[in-house]
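Report on the following structure.
None of the figures in this text is laboratory data; all of them are computed from the coordinates on show. Small disclaimer: the values here were computed from a predicted structure and weren't measured. Every residue, glycine as well, gets a Cβ built from its backbone with ideal geometry; the counts of neighbours run over all protein chains shown.
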Amino acid sequence: MASASNPSGPRDLHNVPDPDAERQTRIARTIESRGIADAVYRAHAIRQAYEKISDIEHGTVTPAMKRIEAEDPGRHLAGLENSLKGMDRLAEKVTLDMRKKGVAVDQAVANVKDAIRYTFCYSEYAYAEGVYADCDRLTDAGFELVECRNSWDREQYKGVNSRWRVPVNGQMFELQFHTQASLDAKEETHWAYERLRVGVPTPAEQRELEDYQKRVTARVPVPPGAHDIPDYP
């Protein structure tokens, strides 16, 4: 029976609110809300950046690259339909960069150097001369060379990769120089490159993928003069 001093009966101690638990719940909800807000902001910022990059690609860089291509019918732009990286892939790289380096979304977008990318493909014996000539043409078109790396002496990839800047807006783009054989090898081994890029679970699998890339790349003839193309800077 309920006593006179406690008309409602004995107090149920199991239903007494726990101040610490309530505080932890509020903190968890706040963190969750901030996480959702950050994700929404990041998606919006990436979408805006992608639209800007797309405008520069369609309006400035690709038209210039086509004009440069027309100056020498002995080589061609390969894979021009893929000159703009897909937004999903851009978002993946930006998100990964933000997590690994702790940078803001704008900086992470700027760190993606191949959001716009092109490939010139040459015949084997016109390769070295063609690379020099096309670098001069890009400079004459107003683009700034930022970096050039010659990989013809490497075992897992052969070619020359360069990065250029559009001066009026600072947008970077990548330009690779290949022969048909080196381009075929790159495309054949791309799946292995992607596996290695994201990380493999065991050293044995890493060695297997690297050996595969070496076997394919070993079949690529080195064009005359390719080793002499200098790095920059």
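So what is the relative contact order for segment 16-228, in percent, with contacts set as C-alpha pairs under 8 Å and at least six apart?
For segment 16-228, the relative contact order is 18 percent.
Please sort 202-213, 178-189 by packing, taking for each peptide the average over its residues of neighbouring beta carbons within 10 angstrom, highest first.
Highest to lowest by the protection proxy: 178-189, 202-213.
Among 65-78, 86-99, 152-165, what's the highest-first ranking by average C-beta atoms within 10 angstrom per residue?
By packing density, highest mean first, the sequence is 152-165, 86-99, 65-78.
Taking amide hydrogens as modeled 1.01 Å from N in the peptide plane, which residues meet the under 5 Å criterion relative to residue 147, leaving out close sequence neighbours?
163
Counting pairs on different chains as well as pairs 8 or more places apart, how many Lys pairs in segment 58-204 have Cα atoms under 20 Å apart?
11
With +1 on each Lys and Arg Cβ and -1 on each Asp and Glu Cβ, how big is the dipole of segment 16-228 about its Cα centre, in debye rounded to the nearest 20?
Using Cβ point charges on Lys, Arg, Asp and Glu, segment 16-228 gives about 580 debye.
Give the residue from 44, 60, 131 lying farthest towards the positive end of the charge dipole for segment 16-228; charges sit on Cβ (+1 for Lys and Arg, -1 for Asp and Glu) and the dipole is referred to the Cα centre.
44
Which peptide among 41-48, 120-127 comes first, and what is the full order, when sorted by highest mean count of other Cβ atoms within 10 Å?
My ranking of the peptides, most packed first, is 120-127, 41-48.
In segment 16-228, with Lys and Arg counted as +1 and Asp and Glu as -1 at Cβ, which of these residues, 170, 151, 76, has the Cα nearest the positive end of the dipole, that is, farthest along it?
In segment 16-228, that residue is 170.
Return the whole-Å distance between the Cα centroid of segment 131-176 and the Cα centroid of segment 76-97.
Comparing the Cα centres of segment 131-176 and segment 76-97, I get a distance of 17 Å.
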